[in-house]
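Undergrad: Pasting a structure below so you can have a look.
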Amino acid sequence: MKRIGMVLLVACQLIVAARANDGSSLWLPREKNEVASTLVRGPQGTALDELRTYYKGPMPVRMKLEKNALQGDAYRIVVTTRQIELTASTSNGLLYAAFDLLRMQQLGDIRSKEEHPAFDLRLINHWDNLDGSVERGYAGKSILYPTLSDRMADYARANASLGINGIVINNVNASPKMLSEEWLEKVCVINSYLERYGIRTYLSINFASPMALGGLPTADPLDPQVRQWWREKVDAIYRLMPNFGGFLVKANSEGQPGPGDYQRSHADGANMLAEALQPHGGIVMWRCFVYGANHKGEDRVKQAVSEFQPLDGQFLPNVILQTKNGPLDFQPREPYSPVFDQITKTPNMVELQITQEYLGQSRHLVYLAPMWKEFFSFVSPQRLRGIAGVANVGLDDNWCGHHFSQANWYAFGRLAWNPGLSAEAIAREWLKLTFTRDEAFVNPMTEVMMASREACVDYMMPLGLHHIFQFDHHYGPDPGGFKPDYPLEWCPVYYHQADSLGVGFNRSSTGTNATSQYREPYRSQYDDLSTCPENLLLWFHHVPWDYKMKSGRPLWEELCAHYDRGVAEVDRFHEVWQQMRPLVLLADKDDSRRWQEVEDRLQHQQQNAREWRQTCIDYFRSFLGVPQ
Ligand code: BDP
């Protein structure tokens with residue numbers, strides 16, 4: 001008797017432990033039906049499995065694959081009194097329809113609809129290295145390398161639930177090893193997981209691979225042997241993976257090899273790869289994040305246009321230029337990149353950063369959708385062929401480090417499907433799916449999420465200040481940062497240019513003239529101090545400390561008011577979160593772990609916001625009234 005009692009007790013404890021919500025199920029349904037998986041293969045089979053496992057409704061669901069009914073991955077859901085019908089022309093479309101139906105079920109609002117993705121290419125970019133480290137990753141080691149995580153199917157599923165249809169599986173600072181036979185076999189295994197979820201595999205390549213791997217004396221893109229090497233490599237990849245997507249390339253940037261090493265242009269380099277990929281339907285995504293090479297010494301934010309605009313028109317049709325949303329580097333606020341104005345003959349893709357390199361990493365609650373929507377208010381999605389987001393996942397139980405960083409992954413996927421969705425609608429949706437549908441929770445937390453990005457801008461770099469982060473790791477403030485042995489473009493003092501007269505980088509026509517790269521009306525608007533939006537003022541102008549702002553306050557006081565507001569906002573977020581505790585636990589009594597983990601991070605964010613304010617105010621104050 002006694003022994004049986006103990007066994008039961010242990011079993012009960014195990015069940016309780018297993019139920020504690022660690023955030024690993026993301027926004028996806030958690031309650032399963034017990035069913036066996038189907039024999040149908042590919043994304044359509046996956047769709048069937050998803051519905052059998054998670055659909056709970058009383059009405060039967062019918063899936064119809066109908067050629068030419070809809071374009072690309074679009075789908076239609078028709079709800080009648082007798083049944084629910086999902087129609088698409090591709091098997092991916094059916095999978096997306098199934099996930100949408102399940103999402104509507106979770107939200108308690110199943111209705112008819114027709115959905116069309118805005119972009120054909122909806123990609124996640126991994127900056128994962130083969131040794132398991134993740135460049136700018138803040139959620140533990142890589143889920144891909146050196147050994148594949150057993151959560152790989154869950155990972156593919158989470159992406160497919162958002163409509164992601166491609167993943168670049170290795171860092172843009174790419175190891176040539178990735179193309180070795182040994183590693184390509186591992187790529188095949190990853191591909192087999194992704195394929196089931198309608199996701200294509202893409203690789204970042206190292207431009208010098210023909211030398212490092214192939215033993216050739218050069219990687220000159222016009223050398224016939226080099227071209228042959230790439231053709232053979234690409235053919236071999238397609239023999240292994242007929243559905244392979246193509247290459248992403250970082251060339252002649254931050255020390256990476258590229259065509260410039262042989263006095264060849266980016267077009268020469270990209271076209272060589274494009275030619276090899278073209279017979280298989282593959283693409284080249286060539287990054288415009290380039291500085292310090294051919295235009296060394298020029299204002300860093302101008303260099304991408306200087307480099308690529310003269311080449312516009314020279315790229316083969318299967319080359320796409322991939323450009324970060326802002327012209328510098330994923331700062332909490334940047335103006336849009338003028339590459340999107342100046343490159344008109346070559347297809348463009350935008351690269352957004354889901355991982356919060358410069359936005360508090362996985363320690364700050366910062367919801368990025370308002371920032372991305374801001375970008376789309378300047379650059380029409382119709383101008384873009386595709387969208388890529390730099391992943392924020394790792395081996396952490398909750399995938400993203402901060403539970404609220406999951407919202408950024410979710411929001412990226414939702415916007416990649418439909419950039420017309422509002423940031424607020426996405427936040428509400430995510431909160432309901434991830435925590436509870438209780439409005440007493442959803443309303444205040446939506447408000448917190450929506451305010452969080454502006455708060456981050458306020459306590460880190462208000463009014464257009466930028467890149468005043470600590471060197472290398474980019475966490476925390478270092479406004480006085482200067483290292484003589486570093487390129488100037490990495491030093492904070494280069495970006496704020498504070499002196500006794502004022503602060504800010506003069507990029508107007510009296511300065512570096514970066515404003516001239518913008519289309520009208522932005523060119524004139526940004527160029528003139530009196531019309532430049534105040535949230536970008538110090539990005540474009542060197543402004544006197546006593547300059548009268550729209551509020552009537554002098555610049556210095558306005559700056560301090562922003563730092564104060566940022567800190568006060570984080571304090572407020574923390575208060576709201578504390579009030580949420582009973583609601584989180586009411587929805588799921590086993591949710592104390594998630595609540596506590598967010599609580600701990602919010603406390604840390606409060607301290608860190610104060611550190612930013614203190615350090616920056618102390619530093620900038622030292623310039624006031626000091627003669628030159
Ligand atoms: C910067 C990162 C660096 C990346 C680089 C890139 O600090 O780690 O390699 O961008 O995008 O944001 O290539």
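FYI, it's all coordinate maths here, none of it is from the lab. Since the structure is predicted, the reported quantities are computational estimates derived from the model, not experimental observations. Neighbour counts run over all protein chains shown; Cβ positions are idealised from the backbone, glycine included.
Undergrad: How large is the dipole of the chain about the Cα centre if only Lys and Arg carry +1 and Asp and Glu carry -1, each at its Cβ, rounded to the nearest 20 debye?
TA: Charge dipole, the chain, about its Cα centre: 1700 debye, nearest 20.
Undergrad: Kindly provide the pair-distance distribution of the range 168-256 built from C-alpha pairs, with 10 Å bins from 0 and whole-percent values in order of increasing distance.
TA: 17, 50, 28, 5, 0
Undergrad: Next up: May I ask for the equivalent-ellipsoid semi-axes of the range 81-199, computed as the square root of five times each C-alpha gyration tensor eigenvalue and listed largest first in whole Å?
TA: Semi-axes, largest first: 33, 15, 13 Å.
Undergrad: With +1 on each Lys and Arg Cβ and -1 on each Asp and Glu Cβ, and nothing else charged, work out how big the dipole of the range 441-580 is about its Cα centre, in Debye to the nearest 20.
TA: Numbers: 10 positive and 19 negative charges, 64 e Å.
Here the size comes out at about 300 debye.
Undergrad: Packing-wise, with mean Cβ within 10 Å as the measure, how do 85-95, 514-524 rank, highest first?
TA: 85-95, 514-524
Undergrad: Among 532-539, 114-121, how do they line up by average Cβ neighbours within 10 Å per residue, starting with the highest?
TA: Working: 532-539: 21.0, 114-121: 17.6.
In decreasing order of mean packing, 532-539, 114-121 become 532-539, 114-121.
Undergrad: Same structure, new question: Quick one: which of 247-254, 609-616 comes out on top by average Cβ neighbours within 10 Å, and what's the full order, highest first?
TA: Details: 247-254: 23.4, 609-616: 19.4.
For the peptides 247-254, 609-616, the packing ranking is 247-254, 609-616.
Undergrad: Further question on the same structure: Once phi is turned into θ = phi - 60°, what whole-Hz ³J(HN,Hα) does the Karplus curve with 6.51, -1.76 and 1.60 give for every residue of the range 329-342, x standing for Gly and Pro?
TA: Working through the residues one at a time gives 5, 6, 6, x, 9, 9, x, 5, 6, x, 3, 5, 8, 8 Hz.
Undergrad: Another question, then. Once whole DSSP H runs in the chain are found, which of them have Cα atoms spread over 30 Å or more along the helix axis and a mean Kyte-Doolittle score of at least -1.0?
TA: Passing helices, by number: 439-460, 555-587.
Undergrad: Just want the answer: with Cβ charges of +1 for Lys and Arg and -1 for Asp and Glu, which residue in TYR495, ILE190, GLN517 is farthest toward the dipole's positive end in the chain?
TA: ILE190
Undergrad: Between the DSSP loop rule and a limit of at most 14 other Cβ atoms within 10 Å, which trypsin sites (Lys or Arg not before Pro) in the range 93-153 are left?
TA: Sites meeting the loop and neighbour criteria: ARG111.
Undergrad: Out of residues 5 or more away from GLY166 or on other chains, whose amide H comes under 5 Å of its own, with H placed 1.01 Å from N in the peptide plane?
TA: Those qualifying (amide H under 5 Å, at least 5 residues apart or on another chain) are ARG122, ILE124, ARG200.
Undergrad: Report, largest value first, the span of the C-alpha coordinates of the range 325-444 along each principal axis, in whole Å.
TA: Its Cα atoms span 48, 27, 22 Å along the three principal axes.
Undergrad: For a test of understanding, tell me how many lysine pairs in the range 121-421 have Cα atoms under 28 Å apart, given they are 8 or more places apart or on different chains.
TA: Value for the range 121-421: 24.
Undergrad: Counting other C-beta atoms within 10 Å, and keeping those with at most 12, which DSSP coil trypsin sites (Lys or Arg not before Pro) do you find in the range 260-333? Walk me through the numbers before you get to the answer.
TA: Values: sites: ARG264, ARG287, LYS296, ARG300, LYS302, LYS324, ARG333; in loops: ARG264, LYS296, ARG333.
Those that pass, being in a loop and sparsely packed, are LYS296.
Undergrad: Based only on Cα atoms, what mean projected area does the convex hull of the range 155-206 have, in nm²?
TA: Numbers: hull surface 13.5 nm².
If I average the Cα hull's projected area over directions, I get 3.4 nm².
Undergrad: Then there's this: Check which residues have an amide H placed less than 5 Å from MET63's amide H, if you skip close sequence neighbours.
TA: LEU86
Undergrad: Using θ = phi - 60° and the Karplus relation 6.51 cos²θ - 1.76 cosθ + 1.60, list the HN-Hα couplings for the range 120-131 in order, rounded to whole Hz, with x at every Gly or Pro.
TA: Couplings: 6, 9, 10, 10, 9, 10, 8, 9, 8, 9, 5, 7 Hz.
Undergrad: Here is a further query. Give me the extension gain from THR38 to GLN525: residue separation times 0.36 nm, minus the current Cα-Cα distance, reported in nm with one decimal. Show your work: numbers first, answer last.
TA: On the way: separation 487, 0.36 × 487 = 175.32 nm, distance 5.89 nm.
In short, 169.4 nm is gained.
Undergrad: Could you work out how far the C-alpha centroid of the range 554-605 sits from that of the range 274-340, in angstrom?
TA: 38 Å
Undergrad: In units of 2.2 N^0.38 Å, what is the alpha-carbon radius of gyration of the chain?
TA: 1.00
Undergrad: Same structure, new question: So if I place +1 on the C-beta of Lys and Arg and -1 on the C-beta of Asp and Glu, and nothing else carries charge, what would the dipole magnitude of the range 350-399 be about its Cα centre? I want it in debye, nearest 20.
TA: Here the range 350-399 has a charge dipole of around 280 debye.
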